[in-house]
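The values are calculated or read from the model by the stated rules, or taken from the named source; none is laboratory data. Computed from a predicted model, the values in this text were never measured in an experiment. So basically every Cβ, Gly included, is an ideal-geometry build from the backbone, and we count neighbours across all protein chains shown. When the accessible area is computed, the model is the full protein with side chains, heavy atoms only, and any ligands, DNA or RNA have been set aside. Shrake-Rupley method; radii C 1.70, N 1.55, O 1.52, S 1.80 Å.
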Amino acid sequence: MLAAAEYPPIRPAMWRGWRGPATTPSRCYLPQSWPVYRLQRLVSLAVCVLAVLLLCLVAFVLLQAAPASPRIQLGRGERTAEDEGQLFGMDDSYNSDSALDEYEDEEDDEELVMSEDYEEDEQEYEYNPEFDMSFFDFSIKDDGAGGGAGAGDAGAGEGVGEQAPQEHESTTFRTPVVRPSWAQLPLPPLRLVGRSGLEVVREGVMFSPDVEARLKDPGMSDEDVGRLLWQLRSRKVTELRDPSWERCGRPKNQWVRFSGGVAACARYRYPDDHLLLGEVLSFYLARLLQISRVPPATLARPDHPRWTAAAPQMERAGWGAAPVVVLTPWLPDLVRDYMPASLHHALATNTTLGMATEETWGTDGGTEGGDEGRSHHPQLRDVSEGELVRLLQWSDLLLFDFLTANYDRVAYMMDAAEGEGRPEVLAGTVHNLVLNRATGGLWLLDNESGLVDGYSVLYGNGDPTQATRFASFHQKLLRSMCLFRRTTLGAVLGLAAHPKPHELLVEFARENEPLLYLLPDPLRHQPFLSRLSNRLQEVRAWVGECARKAVTAGVGVKRRGSLVT
């Protein structure tokens, strides 16, 4: 363009003198060798370059001034590895902020940030072939469905939700089957028959199939769980309601109604989101243990557009910038239940309910073998069928709460009974335990204290007196029964035989919970890395002790005609 431009011919320069009278204008011609037209082209080119640079500078300033695309804010700022370490007790300053301590929820004035890229905001995890769900090693196989079979509770199949299913997603949910390792635990070929003719105990430490058949509530099958999780991640929120202690618990939780009329409890625990992690991991551990009456738990983002209709109610409830809440289905027609009388007696007298029901293990029982050292509570062969069905389910409860170190159920009541001098508490309704009166099934609710916070209480840097007290409660509960369900005991033995059961559990949860990455990484929680395996070994050792007790007591029981070999 510059080459094609035509410039006027050079004209002589004329000027007047600086001072003095006007004179005839001087004339001065530039040398003909001076290429003035080239100079003009260079000036034009320089102006163009400067203009381009100026436009680039303006564009850069505008881009810097533009607001960033909205994304969920993890708390009051970005979470760092140091923050997660402090949260999980990875330094000396951590103290468990849990239901054991009556903390006040602070009102958070931060606004919810609406995210437009929810479906695309998932974190990729490093592939580990040893723990791929389709490549489990000797103790896990992905060739069957765990948990209960059959239809779930009438209200448990309805859920509420969050994430719309993608094309590659489905309602399929498969629990890896834990292969029992019975070789490591020889069981005596002893069985106990009650006075009514019902076989009560088989192989010395396990409830018989006859007792199992008396339980009419199969819990939730994998199919039920898959369908429910799909609902939890797909429905729109239409209403939030304030909770009560009979419905969804603490004040910042909310009872949620979704499109289609289904309902759930939304558990808000920000900034203590390690409690949400405990709820989710406890559910997945229950599935591995084939305990099928722990309600499914899934994460939901309240900043998602599906929650827009409930934004005013979330603000009224005091929800701040929480990245996630936990949704558990609302189970109707459930009532609080009590501890079985025979188990209550065993706890009160430091005895063990099993084949050797009269053998004491406490320190205040007197001389072994003498009348002073025995507790004459009702024998198993005298227990009613209804009581046996309840004991069958309580055996699962005791193992589950011991493995997860859940302090917010029976241990909570024992703390009140012993620490506050109120033994009558144990005779009341059990905390976070409900009964389906139609089927007789017991449901274990509110498991947020399990695995993460519970391990921090026992093994963290908190109050050592509190840790010792609750550790003794868990030991006492574990040792109160020497009877187990075969399926649950087989899963415990299989997990105990695995070198890294905690990694299996986390991988199982990650495969099925797409928002787990929004919570602290459980594999950075030091107590969780070793204590789950340790507690599995403790359960295995206790079952072995129960088997030896059964053999010792077998001769005496045989004399009474109740033992069939």
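Results, tabulated for the structure shown:
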{"read-out": "Portion, in percent, of the accessible area of segment 460-524 that falls on carbon or sulfur, probe 1.4 Å", "value": "47"}
{"read-out": "Segment 393-458-segment 304-331 distance, computed between alpha-carbon centres (Å)", "value": "27"}
{"read-out": "Prolate/oblate/rounded call for segment 256-303, Cα gyration tensor, a/c under 1.5 rounded", "value": "oblate"}
{"read-out": "Cα gyration tensor shape for segment 192-300, rounded if a/c is under 1.5, else prolate or oblate", "value": "prolate"}
{"read-out": "Rounded FRET efficiency, nearest 0.05, which uses the C-beta distance separating T171 from Q475 and R0 of 30 Å", "value": "0.15"}
{"read-out": "Ordering of 51-60, 499-508 by packing [mean C-beta count within 10 Å, highest first]", "value": "499-508, 51-60"}
{"read-out": "Relative contact order (%) - criterion: Cα under 8 Å, at least six apart; region: segment 173-273", "value": "15"}
{"read-out": "Segment 446-510 - charge dipole about Cα centre, Lys and Arg +1 at Cβ, Asp and Glu -1, debye rounded to 20", "value": "400"}
{"read-out": "Two-site FRET efficiency, T439 against L62, from Cβ-Cβ distance with R₀ of 60 Å, rounded to 0.05", "value": "0.40"}
{"read-out": "Segment 393-525, dipole about Cα centre (Lys/Arg Cβ +1, Asp/Glu Cβ -1), debye to the nearest 20", "value": "500"}
{"read-out": "Label-to-label distance, nm, for residues given as S530 and A427 (7 Å Cα→Cβ offset)", "value": "4.4"}
{"read-out": "In nm, spacing of pseudo-spin labels at Q40 and A213 (7 Å Cα→C-beta vector)", "value": "11.1"}
{"read-out": "Amide H within-cut-off set for L190, under 5 Å, with H built and near neighbours excluded", "value": "E203, G204"}
{"read-out": "Efficiency of FRET from Cβ geometry, H344 and L53, R₀ 51 Å, rounded to 0.05", "value": "0.05"}
